[in-house]
């Protein structure tokens, strides 16, 4: 009975069974053929790659070789009540004549309260006091001009590529009519003027050079910080340097007329009585960093702009603008008063 039922089911329902199997196979094939949709990164604008974040780098400025103190001077100075051009120049380690020229000041005895003075030459790199940003004038970009050949010059020969159809690696053949003479000439080979043999190239003899002793390199990085100082006068030190008491140098007592010597070589940038409290004063600029001042002189023996040597007599000791005969001596670095005892040799 079971066999009969199975045979009946297979005969009537086989087409439906095969149809179901075919539909299931198509469904599985469709699922397998599906591909993953592309994923687009929309974190950055279209057409631009995603930004890459790099670690922050802190820029450092190397210290100037040989310097013991940074240049504290600002790019400008605002004139205050009681200022003179001489005093501003001294306090910033400058030549007052250059300071006047940089600011187009015609009358050096006339500056106004609130006037802003530039402390650097026009065109020099300047440092802003508040930001420390260095600004330097832009350098002109060289202009590239097209080179043209003079009129009448024939155009250069065209260069034919080796891969071109027009390129030929052998000389052009000359066709001659057949004759017995032509045959004999061909048998002899090319004429002498066709084949040129270059003479062998002989390298010139180079004689060995005698070795010369090398001159040691001179280190000039620290030149502005190397000054060979000597005592400017003989006498007893009666006043010492003090920042707290606003004593900007040392006082050396002596007799009237005692020679005052240049403590180091340099250029006289001031000689006169224009600075209150200094009497007859001489200022010598030794380099870009240091200058020295000699005050209360009886007589001044040098002029502005004069070159002086170390130990040269520049004045005579006196008591101008003071109550006793003495020499007030200052050493200034970038305009800032320094203790002369740190620079002068032992007494």
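Each value in this text was obtained by applying a stated rule to the coordinates, not by laboratory testing. None of these values were measured; they are calculated from a predicted model. Backbone-built Cβ (ideal geometry, glycine too); neighbour counts: all protein chains shown.
Stretching residue 91 away from residue 236 to a fully extended chain increases their span by 49.5 nm, per 0.36 nm per residue minus the current alpha-carbon distance.
Segment residue 115..residue 342, full-extension length gain: 78.1 nm, with 0.36 nm per residue of separation and the alpha-carbon distance subtracted. Given axes a ≥ b ≥ c from the Cα gyration tensor, I'd like to know whether the stretch 228-342 is rounded (a/c under 1.5), prolate (a/b larger than b/c) or oblate. Since a/c stays below 1.5, the shape of the stretch 228-342 is classed as rounded. Taking each residue as 0.36 nm, the span from residue 79 to residue 244 lengthens on full extension beyond its C-alpha to C-alpha distance by 57.0 nm. If you take the square roots of the eigenvalues of the alpha-carbon gyration tensor of the stretch 291-332 and sort them as a ≥ b ≥ c, do you get rounded (a/c under 1.5), prolate (a/b over b/c) or oblate? It is prolate, given that a/c is not under 1.5 and a/b is the larger ratio.
The label point for residue 71 and the one for residue 98, both projected 7 Å from the Cα toward the Cβ, are 1.0 nm apart.
Shape of the stretch 76-122 from its Cα gyration tensor (a ≥ b ≥ c, root eigenvalues): rounded if a/c is under 1.5, otherwise prolate when a/b > b/c, or oblate? Rounded, since a/c falls under 1.5.
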